[in-house]
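Structure, as structure tokens:
The values are calculated or read from the model by the stated rules, or taken from the named source; none is laboratory data. Because the structure is a prediction, the values reported are computed rather than measured. We place every Cβ from the backbone using ideal geometry, glycine too, and count neighbours over all the protein chains shown.
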2 protein chains.
Amino acid sequence: MSQSVIEQFKSLLKEQTSYSEAIALMGWDMRTKAPKKGVEHRSEVLGVLSQKVHEIQTSDEMKDCIDQLKGKVDDPIIQKAVEEAEETYEKTAKIPTDEYREYVTLQSRAESMWEEAKTNNDFKSFQPYLEKLVEYNRKFADYWGYENHRYDALLHNFEPGVTVEVLDEVFPKVREALTGLLEKINHAPNQPDPTVLEGHFPKDEQAKFSEEILKRMGYDFDAGRLDETVHPFAIGLNTNDVRVTTKYDEQDFRTAIFGTIHEGGHALYEQNIDEELAFTSLSGGTSMGIHESQSLFWENFISRTEAFWETHYDLFKQYAPPKFESLPLDQFYRAINEVKPSFIRIEADELTYCLHIMVRYELEKALIGGEIEVADLPKLWNEKMKDYLGIEPNTDAEGVLQDIHWSGGAFGYFPSYALGYMYAAQFATRMNEDLDVEACIQKGDFGPIKSWLTEHIHQYGKMKKPLEILNDVTGEGLNADHIVNYLTDKYQKIYQF
Amino acid sequence: MSQSVIEQFKSLLKEQTSYSEAIALMGWDMRTKAPKKGVEHRSEVLGVLSQKVHEIQTSDEMKDCIDQLKGKVDDPIIQKAVEEAEETYEKTAKIPTDEYREYVTLQSRAESMWEEAKTNNDFKSFQPYLEKLVEYNRKFADYWGYENHRYDALLHNFEPGVTVEVLDEVFPKVREALTGLLEKINHAPNQPDPTVLEGHFPKDEQAKFSEEILKRMGYDFDAGRLDETVHPFAIGLNTNDVRVTTKYDEQDFRTAIFGTIHEGGHALYEQNIDEELAFTSLSGGTSMGIHESQSLFWENFISRTEAFWETHYDLFKQYAPPKFESLPLDQFYRAINEVKPSFIRIEADELTYCLHIMVRYELEKALIGGEIEVADLPKLWNEKMKDYLGIEPNTDAEGVLQDIHWSGGAFGYFPSYALGYMYAAQFATRMNEDLDVEACIQKGDFGPIKSWLTEHIHQYGKMKKPLEILNDVTGEGLNADHIVNYLTDKYQKIYQF
């Protein structure tokens, strides 16, 4: 194989990743800066650029490069990029073009139908669209193939290597432990009082505190920025331009402060990927679950700890309303860690969050497996909520219709959220063997923590698959014990049961 | 010719204009929001997308479309787009690929050499680069062809239809009138006192006033936004997303306020182009000169008038520092219209600005024509400054090295600035026949003015060439009388000579 094929392959990747950077910037802009009337035209432009990415990924030229380079290049980056390109090529090639086109049209129609259905609390109007989406996903899973469970083929898109067999071993352990903990928490006599956190906290002051924390975490503002948006996210345009967004609630500072730290965790990941991977399509987080492990690590294992607030409560009070001057640290700490079952996943606390995921995982696995049908969803959803969280939604809008994911055909995605919690707990256990994490937090010295994460996780980008990282770092596969022990230990102390 | 060729042509244009929108957004972002470390990677991405635009414009596919569609389509928009595409294709095809590639490399090296030379006040270090740039431009002009003067071929790139013959008739008239006026102004006993404008004017208050004026002008903030930058500009991503940028000087409000109105004039043009032209490459200003006529019209013919301040001085005082409460309108108006020869073009007042352009026009015309050489420039520059403005730069940094244009090879561009003044004056004369412009300004009712500009100029985008618009609107070609009469009249009153 000649050098020129490698050059041709690199040039295809450079073109593809350049379009992706433009697409990412347009996405960031639409969600933070763009004037509303420009959105329609912009969507068309996004369509054109996305189509170009798709064309490159599935081009004959790309196929030639893959065939000529696969297994024949010394450079490990090129080799990995070839594997990545092949996976994308194969995945797309297996779906008949007509069906894919119909599916893309269905997705965008279903999304707007879902929005309407949610507003009107009318599951029936969305049901036929959801049925078609499920049907397509069943078909696609069959095209892609799987060993044991049809749902595995979809899981693979988001968390390669993770299967129903794996999840069905670990998730029930997590679920049972959490429902047990929740039971104890609900009956604990000493409940935290979240009303102590209420009060007007001006946006600008929240922003200043958040920025200060981002800086201390090691987020590089010369390679990023912080903006306001409606649904917060972090986005990497390239490793030297990774942007964080947040939302301010002047009545509840937790939204912005924990939200910014969460997104900051995502951003640290993207800022610290090896620059050698630039323009290769490997320069991004390796999976949704590993990405979430980074945001959750900073949010929960750092910023919701007692050690963190021992060091940062004084700083917080410099920006916070005067009432916090008289609020003891202990009451503050317990209040920000209140556990309370609620209907909406994205508003859930650290402990009940995974239970929301269990509801969705079990339902979508059964849907794709053909064990249940779409029409049964509202009833099953409410039953599972009652079983796991002890509460039952009053409407489908705050039940089965709450999330956008299924309306976009994203089946197999939800488990990644819970996997993020599990990975984070496993990384935390391992990190504690290398570092005195609590001492670092207490000193406000996050340098060693950030370096540990970069060394073990961030730098690799997509050079390693999620379970490969997990094994390399922790020496084991998915293990529910870590998250269970962590949550048990933490909430026993807070709720004193 | 079949419908499918039209579809193919439209699809090429849609791809090309989509890349252009992405490029425009990346440009805006780099100049307003992007973190500094991301710039290097971003520049590469910009390179890839610009290359794609170039590839489409010069592709065999595009040539086929042009050949099949030219003169054979009923739709006037398609027909015009074909002509536009052909011009671009021909222009590029005439330059040997190797030479073009060398030239692009030279441009970027020359720009950084120019920056260094300007900082070090060292023309000699820049001279060899400028010599090569001139040499390439002479060659390109020969490739493109011209009737009378080689410089015409370059003028055509920026202001099609305008030739040395035309400019040599009108520019000397303008120059002589202005130097005459300047002589009288310099000797007028009653000089305005610009120090009355000094004083700390907080940025936020300047911004609020500027926004209010933009709104009154009819700038649509739902299809645009206002941001801060170092070198202000307006940029149209599409007609529903046209952004204005400005710079705040807290010691001199004139920078931001007149600057914002100027850029607002550019933005109104782009916001009011017929939406039918979207995705066709005709959806933009027709020439640099016509664009400048729009910004200058709003800046000078509206916002520097006595009528404007009669209506808006009270509003201004709501945001301005308290000292303005006691500053009479008359003194304020005369101060903002002070005429004072200075070295730097971009800081020049309304009257001396065109004289700066004359210096550049005469020099670059002679350079391209081979009548003078690069080595002579510093000396000739200073002589012309002395002749026309009565002042001589102390250094080349504030003389021949001040502008970036030549370092990027932009010869033939400078005249458009002066043409913008002339067009604006001609449009103003005509508008005054249709509307009582002064009465509109006095009422603060800019609606009829904006509608007139949209009807006669904005809506057409690139459907009409600059001189075509001028003729259609005013019934005549370039005519120096209008700008001369306007300036004479205005400054006679202000300086009472």
Any residue at all in the stretch A:334-342 that's touching a helix residue (DSSP H, G or I) at 6+ places or on another chain (Cβ under 7 Å), surrounded by fewer than 15 Cβ atoms within 10 Å (Cβ to Cβ) and of a type outside the set (Gly, Ala, Ser)?
no
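In the stretch B:474-483, which residue that is in a helix (DSSP H, G or I) and either at positive phi or more than 20 Å from the chain's Cα centre (by Cα) (or both) is surrounded by the most Cβ atoms within 10 Å (Cβ to Cβ)? Reasoning before the result, please.
Keep residues of the stretch B:474-483 that are in a helix (DSSP H, G or I), which gives B:474, B:480-483.
Subsequent filtering for residues that are either at positive phi or more than 20 Å from the chain's Cα centre (by Cα) (or both) retains B:474, B:481.
On the way: B:Thr474: 21, B:Asp481: 16.
Checking each candidate, the answer is B:Thr474.
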In the stretch B:228-242, what count of residues is obtained for those that are facing chain A (nearest Cβ under 8 Å) and not in a loop (DSSP other than H, G, I, E, B)?
3
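Residues are listed down the side, and each one gets a yes or a no for (1) in contact with a Pro (Cβ under 7 Å, 6 or more places away or on another chain); (2) within 23 Å of B:Val104 (Cα to Cα); (3) within 8 Å of chain A (Cβ to nearest Cβ):
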| site | (1), (2), (3) |
| --- | --- |
| B:Ala34 | no, no, yes |
| B:Lys37 | no, no, yes |
| B:Gln51 | no, yes, no |
| B:Asp67 | no, no, no |
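Matching residues to (1) touching a helix residue (DSSP H, G or I) at 6+ places or on another chain (Cβ under 9 Å); (2) touching a residue at least 24 places away in the same chain (Cβ under 8 Å); (3) within 14 Å of another protein chain (Cβ to nearest Cβ):
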site: A:Lys247; (1), (2), (3): yes, no, no
site: A:Phe258; (1), (2), (3): yes, yes, no
site: A:Gly264; (1), (2), (3): yes, yes, no
site: A:Phe279; (1), (2), (3): yes, yes, yes
site: A:Thr286; (1), (2), (3): yes, yes, no
site: A:His291; (1), (2), (3): yes, yes, no
site: A:Ser295; (1), (2), (3): yes, yes, no
For the stretch A:134-177, give me each residue that is of a type in the set (S, T, N, Q) and either farther than 19 Å from A:Lys91 by Cα or part of a helix (DSSP H, G or I) (or both).
A:Asn137, A:Asn157
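Yes or no, residue by residue, for (1) touching an Asp or Glu at 6+ places or on another chain (Cβ under 9 Å); (2) in a helix (DSSP H, G or I); (3) in the same structural domain as B:Ser281 (by TED's automatic domain parsing):
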| residue | (1), (2), (3) |
| --- | --- |
| B:Leu182 | no, yes, yes |
| B:Asn190 | no, no, yes |
| B:Gln206 | yes, yes, yes |
| B:Ile213 | no, yes, yes |
| B:Asp222 | no, yes, yes |
| B:Val244 | yes, no, yes |
The correct count of residues that are within 19 Å of B:Gln16 (Cβ to Cβ) and assigned to a helix (DSSP H, G or I) in the stretch B:69-125 is 20
Please verify whether A:Glu7 is assigned to a helix (DSSP H, G or I), more than 16 Å from B:Ser20 (Cβ to Cβ), of a type in the set (D, E, K, R) and more than 9 Å from chain B (Cβ to nearest Cβ), treating the condition exactly as stated.
yes
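Might you let me know whether the stretch B:73-81 holds any residue that is buried (at least 20 other Cβ atoms within 10 Å of the Cβ), not polar (S, T, N, Q) and not assigned by TED's automatic domain parsing to the domain that holds B:Ser283? Let's see the steps before the verdict.
Of all residues in the stretch B:73-81, those buried (at least 20 other Cβ atoms within 10 Å of the Cβ) come to B:80-81.
Then drop every residue that is not not polar (S, T, N, Q), which leaves B:80-81.
Still in the list and also not assigned by TED's automatic domain parsing to the domain that holds B:Ser283: B:80-81.
Yes, because at least one residue in the stretch B:73-81 is buried (at least 20 other Cβ atoms within 10 Å of the Cβ), not polar (S, T, N, Q) and not assigned by TED's automatic domain parsing to the domain that holds B:Ser283.
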Residues of the stretch B:11-25 being crowded, with 22+ Cβ neighbours inside 10 Å and within 15 Å of A:Ala34 (Cα to Cα), in sequence order, are B:Glu21, B:Ala22, B:Leu25
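Results for (1) more than 19 Å from B:Lys450 (Cα to Cα); (2) modelled with pLDDT of 95 or more; (3) surrounded by fewer than 24 Cβ atoms within 10 Å (Cβ to Cβ); (4) in the same structural domain as B:Glu83 (by TED's automatic domain parsing), shown as yes or no for each residue.
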| residue | (1), (2), (3), (4) |
| --- | --- |
| B:Val230 | yes, no, yes, no |
| B:Tyr248 | yes, yes, yes, no |
| B:Glu276 | yes, yes, yes, no |
| B:Gly284 | no, yes, yes, no |
| B:Gln294 | no, yes, no, no |
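Being crowded, with 22+ Cβ neighbours inside 10 Å, over 30 Å from B:Pro194 (Cβ atoms), free of Cβ contacts under 8 Å to residues at least 24 places away in the same chain and within 13 Å of chain A (Cβ to nearest Cβ): is that true of B:Asp222 here?
no
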Consider B:Ile23 against the criteria (1) at the interface with another protein chain (Cβ under 9 Å from one of its Cβ atoms); (2) in contact with a Phe, Trp or Tyr (Cβ under 7 Å, 6 or more places away or on another chain); (3) not charged (D, E, K, R): it satisfies all of them except one. Which criterion is unmet?
(2)
Looking only at the stretch B:39-49, which residues are at the interface with chain A (Cβ under 9 Å from one of its Cβ atoms) and either within 16 Å of B:Gln107 (Cβ to Cβ) or crowded, with 19+ Cβ neighbours inside 10 Å (or both)?
B:His41, B:Arg42, B:Val45, B:Leu46, B:Gly47, B:Val48, B:Leu49
Selection from the stretch A:388-412 of residues touching a residue at least 60 places away in the same chain (Cβ under 8 Å), under 22 Å from A:Thr179 (Cβ atoms) and of a type outside the set (A, V, I, L, M, F, W, C) yields A:Tyr388, A:Gly390, A:Gln402
Condition (residue is crowded, with 18+ Cβ neighbours inside 10 Å and within 14 Å of A:Cys354 (Cα to Cα)) applied to the stretch A:392-414: is it met by at least one residue?
yes
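So is A:Asp204 surrounded by fewer than 20 Cβ atoms within 10 Å (Cβ to Cβ), within 13 Å of chain B (Cβ to nearest Cβ) and in contact (Cβ under 8 Å) with a residue 40 or more places away in the chain or not? Before you say what the answer is, go through the steps one by one.
Details: surrounded by fewer than 20 Cβ atoms within 10 Å (Cβ to Cβ): yes; within 13 Å of chain B (Cβ to nearest Cβ): yes; in contact (Cβ under 8 Å) with a residue 40 or more places away in the chain: no.
So A:Asp204 fails the test.
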